[in-house]
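Okay, so here's the structure we're looking at.
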């Protein structure tokens, strides 16, 4: 869609209503921004100066170590959050081209921020389920697409977490080093969550029915959307 009819060379303060779903692409000149510029509720093209309005919604990140309950709780959230948020599993994009754990997997994180921002243009914020820590999202250029990113980490007692990991089927390849690394991450997350920037809320899933955990996660999401 050509947005030139709504843009003017001197448009420095008003936002056009023209847009494209990929917020990194200027709807006027077609330039693709490596570092998007946001001013208030407008995106600004660094190349041509075009300004266009977009929905700047929050992002909700449901994180935590493997075995803490993300994959169990995640499928229970859409019904609880119907009409309020879109719940997605980040591992579906852990594929060739994005599957790179070096330096926090920047291409993978950026892809998800772009995807969540596009979904947000439909009027619903995203709850993104998958292991992530704030520095892996907060440092990405696409972070500017969101008003806030809220983090909730599911954690568990180390003994309970180890038992869950060892009970997983063999095809998931949970060997001793991988189990030890996950337990270490769980311990670090429990100790460091409140000191991160922004702080990460923590919910212990060691005991209690999964429905109760899902209710608490849904309540956490609704509280941040109000």
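Every number in this text was worked out from the coordinates using simple rules, so none of it is lab data. Worth saying up front: this structure is predicted, and the values here are computed from it rather than measured. Please note: Cβ atoms are built from the backbone with ideal geometry, for glycine as well, and neighbour counts cover all protein chains shown.
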query: Per residue, what volume in Å³ does the convex hull of the Cα atoms of segment 82-156 enclose?
result: 110
query: What Kirkwood hydrodynamic radius, in Å, does segment 14-135 give when the mean of 1/r is taken over all pairs of distinct Cα atoms and then inverted?
result: 15.9
query: Under a GNM of the chain (C-alpha, springs under 10 Å), which listed residue has the highest mean-square fluctuation: 214, 19, 167?
result: 167
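Would you work out the relative contact order for segment 48-146, in percent, from Cα pairs under 8 angstrom that are 6 or more residues apart?
Reported relative contact order: 44 percent.
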- prompt: Roughly how large, in nm² to one decimal, is the mean projection of the convex hull of the alpha-carbon atoms in the chain?
  reply: 13.7
query: In nm, to one decimal, how far is the residue 148 label point from the residue 225 one, both placed 7 Å along Cα→Cβ?
result: 1.5
